[in-house]
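Take a look at the structure set out below.
Nothing in this text is a laboratory measurement; each read-out follows from the coordinates by a stated rule. Nothing here was measured: the structure is a model prediction, and the numbers come from that model. FYI the Cβ positions are ideal-geometry reconstructions off the backbone, even for glycines, and counts take in every protein chain you see.
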Amino acid sequence: MLPGGDAHKSPPSFLGKGAGGLGLSTFRASDGYPFYFRHYPAPAAPRARLVFVHGIRSHGGWYARSCRRFAEAGFDVHFLDRRGAGLNTARRGDAPSFRRLIDDVAEYVQHLRAERGYLPVFVCGISWGGKLAVGLPYRKPNLVDGLVLLCPGLVPKVAPPLPQRARIAVARVFRPWKFFPIPLNEPDLFTASPERRAYVDAEPHGLRSATSRFLFSSFSLDIYLKRAAKRVTIPTFLALAEHDRIIDNVRTAEFVGRFPGPTETVMYPGAHHTLEFERDDHPWLGDVVRWVERRL
């Protein structure tokens, strides 16, 4: 176990409500870990709930623009900062396992379902977070009504070099707390915008390294998803960016195309990996809204 390991188990619960407009709060998972989330309520009675899960490097602070737009469209929007990432400083860059990360999302959704359970819930996985989203219906069937996958990291182009992967595997056994760089530390992988590249390079909450335990869990999750894909019977929307340098678009579309449930795939010409950083009037936002609306 890592120093400062997992706390004594307790039921998941919300902690104090943050001040300010968007509602920054924490949610305590069943193993005791409190992780941050951002809440963007709809201005009127919501028509559905959207629960977002971010990528390995990013966090909820990157995605304020789209969250506000989705809230304005009538959705109750929740953006989770993954444990050990974003605003979460406890056990930074680490997670007990990929199953624990999926359970964090599941427990949060279950808590939402306890109140206004009639509202449909769609989990939206961005980049690496798409792997957690796809694993969710397999681990917790019948929990959510659909998936939105935004350039999901199901088949990445970028990975640690083979010698480093070997070192990660060895460290996972003998030094699970040892840190390795995340192979996504070049801002131009995310966007072509100079302003956004500068933001990615300078902002303080992005994750730049992770423990061998976390990285090995990511490799294990890839194997798990080959089984999980056969259980995704709920509707899925897949958004791809033409100039994505992080994921393999063709193989990702093939992967999602094997889901037994209905799927819709849209390729955005000229776009780069982080759709959030495209122009304000980019069509991906409206496409997600319309796709969700058709399922209400």
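Can you report the number of residues in region 51-87 which are over 12 Å from Glu276 (Cβ atoms), crowded, with 20+ Cβ neighbours inside 10 Å and without any contact (Cβ under 8 Å) to a residue 60 or more places away in the chain?
The number of residues fulfilling the criteria is 7.
Need pairs with beta-carbon distance below 6 Å; first residue under 16 Å from Val232 (Cβ atoms) and within region 148-162, second assigned to a loop (DSSP other than H, G, I, E, B) and acidic (Asp, Glu); sequence gap 6+ or separate chains.
Once the first residue is under 16 Å from Val232 (Cβ atoms) and sits in region 148-162, its partners that are assigned to a loop (DSSP other than H, G, I, E, B) and acidic (Asp, Glu) give Val155/Asp248.
Within region 188-209, work out how many residues are buried (at least 22 other Cβ atoms within 10 Å of the Cβ) and more than 16 Å from Ile246 (Cβ to Cβ).
The number of residues fulfilling the criteria is 0.
Only one of these is closer than 26 Å to Arg294 by Cβ and outside any loop (DSSP other than H, G, I, E, B): Ala133, Ala169. Name it. Spell out how you get there, then give the answer.
On the way: Ala169 fails: closer than 26 Å to Arg294 by Cβ.
None of the other options fit; the residue is Ala133.
Pick from region 184-198 the residues that are outside any helix (DSSP H, G or I) and hydrophobic (A, V, I, L, M, F, W, C): which of them is farthest from Glu276 (Cα to Cα)? I'd like the intermediate steps shown before the answer.
Just the residues of region 184-198 that are outside any helix (DSSP H, G or I), to begin with: 184-186, 190-193.
Imposing the further condition that a residue be hydrophobic (A, V, I, L, M, F, W, C) reduces the set to 184, 190, 192.
On the way: Leu184: 17, Phe190: 10, Ala192: 12 Å.
Per the criteria, the residue is Leu184.
Would you mind listing the strands (runs of 3 or more DSSP E) fully within region 199-296 where at least 3 residues are within 30 Å of Arg47 (Cα to Cα) and in contact (Cβ under 8 Å) with a residue 12 or more places away in the chain? Outline the logic, then answer.
On the way: elements: 209-211, 236-241, 263-268.
Answer list for region 199-296: 236-241, 263-268.
Please give the number of the condition Leu149 fails out of (1) crowded, with 21+ Cβ neighbours inside 10 Å; (2) within 26 Å of Thr26 (Cβ to Cβ).
Unmet condition: (2).
Do we find a residue being hydroxyl-bearing (Ser, Thr, Tyr) and surrounded by fewer than 22 Cβ atoms within 10 Å (Cβ to Cβ) anywhere in region 117-124?
Going residue by residue through region 117-124, those that are hydroxyl-bearing (Ser, Thr, Tyr) are 118.
Subset that is surrounded by fewer than 22 Cβ atoms within 10 Å (Cβ to Cβ): 118.
The answer is yes, given that some residue of region 117-124 is hydroxyl-bearing (Ser, Thr, Tyr) and surrounded by fewer than 22 Cβ atoms within 10 Å (Cβ to Cβ).
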